[in-house]
Each structure stands twice: as structure tokens, then as C-alpha cells.
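All remarks here apply to the structure that follows.
The values are calculated or read from the model by the stated rules, or taken from the named source; none is laboratory data. Quick caveat: nothing in here was measured; it's all calculated off a predicted structure. Heads up, the Cβs are rebuilt from the backbone with ideal geometry, glycines too, and the neighbour counts pull from every protein chain shown. Calculation scope for accessible area: heavy atoms of the full protein, side chains included, ligands and nucleic acids excluded. Shrake-Rupley method; radii C 1.70, N 1.55, O 1.52, S 1.80 Å.
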Amino acid sequence: MSHAASLTTLPPVIVGAGPAGIRATETLVRAGLRPVLIDEAAKGGGQIYRQQPDGFQRPAKALYGFEASRAEAIHASWRALLDQVDYRPHTLVWNSEGDELDLLQVRDQHYDGQPWQQLILATGATDRILPFSGWTLPGVYTLGAAQIALKYQATAIGSRVVFAGTGPLLYLIAYQYAKAGVEVAAVLDSAPFSAKWQASASMLRNPPVFAKGLWYLGWLKARGIRIEYDAHLLAASGEQRLDGVRWRQQGQEHQLDCEGLGFGYALRSETQLADILDCRFAFDELNRAWLPVRDAMGRSSRDGVYLAGDGAGIMGADAAEWAGELAALAVLQDRGMSVDRARIHQLQQQLQRTRQFREALEGAFPFPEQWAHEVADDVVLCRCENVTVGEVRALIGELSLQDMNRLKAHSRVGMGRCQGRMCGLAATELLAIGSGQSVADAGRLRAQAPVKPLPYAITPTVQQWSPSLSVAEEAKHD
């Protein structure tokens, strides 16, 4: 990953205005540059610090809890940058051909193009999904979607809700809902309590974060909210919409009435753009996923492409800020500009300590590997193409499939609107078990453009229309 220093004529481009993207932008502006900042959302902050819509007046403490001061700092930085950057909100980067990004301006309903020489990807993360019976019922949401409803729309996913899965986000969202006055009927953690106890000494490497986790747990228990460990979600029940959940715990089944269910098993990185840009990937055991390779500064294997934040590996919001700044410093280095080497060393040390803490978190909230063995055949795995677990298992056995892209070709898993975001990792787990190999050896789904669905009834911005888009335009009419 050698990047020769050279002067460039185009401004740096940052994709994503979360903590990583905002700190990267801030660093470049401080150095005298005017970067392009592209983001799908209406306002900066990302998912963790998502801003409420105009006209909503909930105080920051109510929205972000312990993270209120950090959220306000990120929002203040974003506002201060608006006059100093080429800011593109409501804009989806859906492909890249050569050295030009293909954009969809969602609000204006136009295609557009953005050339680049240096590109920072700060694309963030989404929920890691493990399907179960009834997960497609109305009233069932991912944890991230439940959080968006509360933060961005000031509403709850139900008047009586259950949260299930595992990971720190499980307890954070349960706390946020309960604090907002919603009845939280139960928190169902698939990890055993013993895992948290065994990992507690290692988690003390980051006392503030560990203390916040204990606070959320203690706060929930003090208010009588039911918390179950080693609780494996089996089914969501209901005819037209959710009316209850069923889970297994130590060999016994339990059920509970509810109107809303939020579930998720930690997070997965959004890596599609890095893949389309032809960055090299490697399997990361900590994240149990294939991730784009980057050096200690955030440089990818492709010259001019830099990676920062959860889109390159789940490390949390604080680490995303540091990684964003570090990637921007790499950009400055590669433009032949002077940088503060002491600051680089400090950021790298902070990121290394965070990775060690992340390893402890993985011990406290282990991935439920038994899911692939136990999930029922009739469970819908790919909701876009309506493919069941049983159909996938049968294909793996009948055709002796060994690779995710072969499974995709034969089953259509990952060919739908979500491009494998919802089903890809779960399908990989099934393939690994069914073929008797590791998750790493099962491979990964190759990214395809467009990375997200595109509408038909839109027109190009003629002045900046890219020749590469003619291919996409023809494809729309096939």
C-alpha cells in the first residue's frame, strides 16, 4: 500500500457525514482545503448522533444520554463546516466507474457524477441480522431501525416492546426506550451472563465505556425491566402483525406478549463501495467478516482510497472520530503537505487500545454460532427473493456448494433490493455449516452496482453527466 506523494488538482471527497466523515472533513478544512462531503442523510451526525428533524425540540440529553456532549460537539463541528465545504446532503453514492463516483441526488431526483483523486470512505455500519420465524411481520424491527424511529421520528415501535439479540447496542436502545417512557417488557440477550463476567477484567481497559455499560444495565434492573441471558429468539407470533415473541433458555421455551420487537446481533460494516472500488479484502476474525484492508493510516490497497470508521471494521463512535482524522492526515501526507507526526502517533495508539477493548466486548457478547445449526427450515432467509433456510440447505447439499457467489447464483440469495445486507452474513453461516468449512473459507458476496435501489422516474444532471451512467441508464430499460 504505497502511496507516492503528489499534488492533486481535485479536492478530496468524503463519503459519509458521521463521526469519521466529519472529523476527516474538519482536518482537511483546517489544512486549507475545501473538500466535497457527500451524505445520504439530511444532516450530519451519522446513525449514532442522528439529528432530529427541523421543528423537533427534544433536548440532547434526552436523545443521546451520556453521549449528549459528544453528539453536540459533532453537530457543532458539522455546522461550522457548512460554509467551508462542498456539502451534498440527500445524496447516494451508488457506483463508481474509473475515477468518478456515480451519485443520486434523492431530493432533486437527479443522477450526477463526482470525479475524485483522493476519496475517504466513511460509510458506517448496519445491523447484523440472523433471521427467525416471523421476523418479516409488521412490528418487527432491527435495533438500528428502532433507534431511528425514536431519535429521528420521535416515535416508538410499539407501546410494549421487547429487545433481543446481543451486543452493547441491545442495552443502549432498551435504556433509551425506557427513558423515553415506553414499556420495555424484556431484554433477551443471547449471550450467557458468564461471558460478561469472564470478559469484565479485560473491559476495564476502558473504564468510562465499561462504566456506561454497567449504568445502563443497573438502570434497567432498578426499574424492574426483565433481563434474560442465554435467551435465543425462536419466533415472533401474530397474524397481521406482531403480538408476541417466543424464545428458548436452558432447554425451556418461554413466550411474552408485545407490540414491538427490536433485534440485532451487533453490527456489520457497509463495505460495498470499497468493493466496487476494487479495494483488497481480507477476513477479519474479530468482526467475523471480510473487510477492506487498510494500513495504520487508513490507506486502502487502491491508491487514493482511504477508509475510516465502522465501514472498515466495527470500533465505535469515538474510534471513528480518530480514524477519520487519521485518514485525513494520510490524505494531506499524500498531497505533500506537512502533518503533525506526534498527533498521528497519538491517534494510532488510541485506536490500538480501542481494538483491544473491542476484543473484550466480543468475549462479553459472543456471536451465537449455534444459530446456523438450529434455525428452522421454513424460516425466510432472504426476504427480497423469498428464499427459505431449507431451500438454501438443500442446494448446498445437492450441489456441494462451497462459495457464497455460487450459492447466490443458484438460490438468488443476495440478488434482491438489499443486495445481501440483510441475508448475506446469515447465508454465509449456513454455507459454512453445510459445506463443513470455516466462515472465512465460505467467502463473501461480491458487491454489485447499484449498491442500493434506484428509482426510475429521474433524469440526469446534464452538465455533469458521466459516460459511465449510460450503461446504467440502458440497464434500467432492460
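Between ASN386 and GLN437, the contour length at 0.36 nm per residue exceeds the Cα-Cα span by 15.8 nm.
What FRET efficiency would be calculated for the residue pair ILE148, ASP303, taking the C-beta separation as r and a Förster radius of 45 Å, to the nearest 0.05? That gives a FRET efficiency of 0.80. Taking amide H positions as modeled 1.01 Å from N, with prolines and chain starts lacking one, the residues under 5 Å from LEU101 and 5 or more places away or on another chain are GLN114, TRP116. Any idea what log10 I(q)/I(0) is at q = 0.20, 0.21, 0.27 Å⁻¹ for region 370-435, Debye with uniform C-alpha scatterers and no solvent? Debye intensities relative to I(0), on a log10 scale: -0.67, -0.74, -1.28. Amide H to amide H, with H built 1.01 Å from N, TYR87 comes under 5 Å of LEU37, counting only residues 5 or more places away or on other chains. Which whole-Hz ³J(HN,Hα) couplings does region 249-264 yield from phi under the Karplus relation 6.51 cos²θ - 1.76 cosθ + 1.60, θ = phi - 60°, glycine and proline marked x? Those phi angles translate into 9, 6, x, 10, 9, 9, 9, 8, 6, 6, 10, x, 9, x, 9, x Hz.
Under 5 Å between amide hydrogens, built in the peptide plane, is the criterion, and for GLY244 it picks out SER237, CYS258 among residues at least 5 positions away or on other chains.
For GluC sites (Glu not before Pro), the sites in region 211-315 that DSSP calls loop and that have at most 11 other Cβ atoms within 10 Å are GLU239, GLU285. Each label point was placed 7 Å from the Cα along the Cα-to-Cβ direction; for LEU204 and ASP243 their separation is 5.0 nm. Annotation: per residue accessible area for the chain equals 43 Å², rounded to a whole number [probe 1.4 Å, protein chains only].
For the chain, CYS258, CYS279, CYS384, CYS418 have no disulfide-compatible partner, since no other Cys C-beta lies under 4.7 Å from theirs.
Pairs of Lys residues in the chain that lie 8 or more places apart, or on two chains, and have C-alpha atoms under 22 angstrom apart add up to 17. With a sphere of radius 12 Å drawn around the Cβ of ILE22, what net charge do the other residues whose Cβ falls strictly inside it have (Lys, Arg +1; Asp, Glu -1)? Around ILE22, the charge tally is 0. Taking region 426-454 and a reference point 7 angstrom along Cα→Cβ of GLU398, the backbone N atoms nearer than 18 Å belong to 431, 434-435.
The solvent-accessible area of LYS61, taken with every protein chain present and a 1.4 Å probe, is close to 120 Å². Report, to the nearest whole %, how much of the accessible area of the chain belongs to carbon and sulfur atoms, 1.4 Å probe, protein only. Heavy-atom surface of the chain belonging to carbon and sulfur, 1.4 Å probe: 50 percent. Qualifying chymotrypsin sites (Phe, Trp or Tyr not before Pro) in region 17-83, where qualification requires a DSSP coil assignment and no more than 15 other C-beta atoms within 10 Å, comprise PHE56. Of the labelled options (1) 23, 54, 21, 2; (2) 18, 38, 28, 14, 2, 0; (3) 23, 58, 19, 0, which one gives P(r) over Cα pairs in 20 Å bins from 0, in percent as computed for this structure? Answer label, from the structure shown: (3).
Per residue of the chain, what 222 nm ellipticity follows from adding -39500 (n - 2.57) for every DSSP H run with n ≥ 4, rounded to the nearest 500?
Details: 15 runs with 171 residues, N = 478.
Mean residue ellipticity at 222 nm (helix-derived): -11000 deg cm²/dmol.
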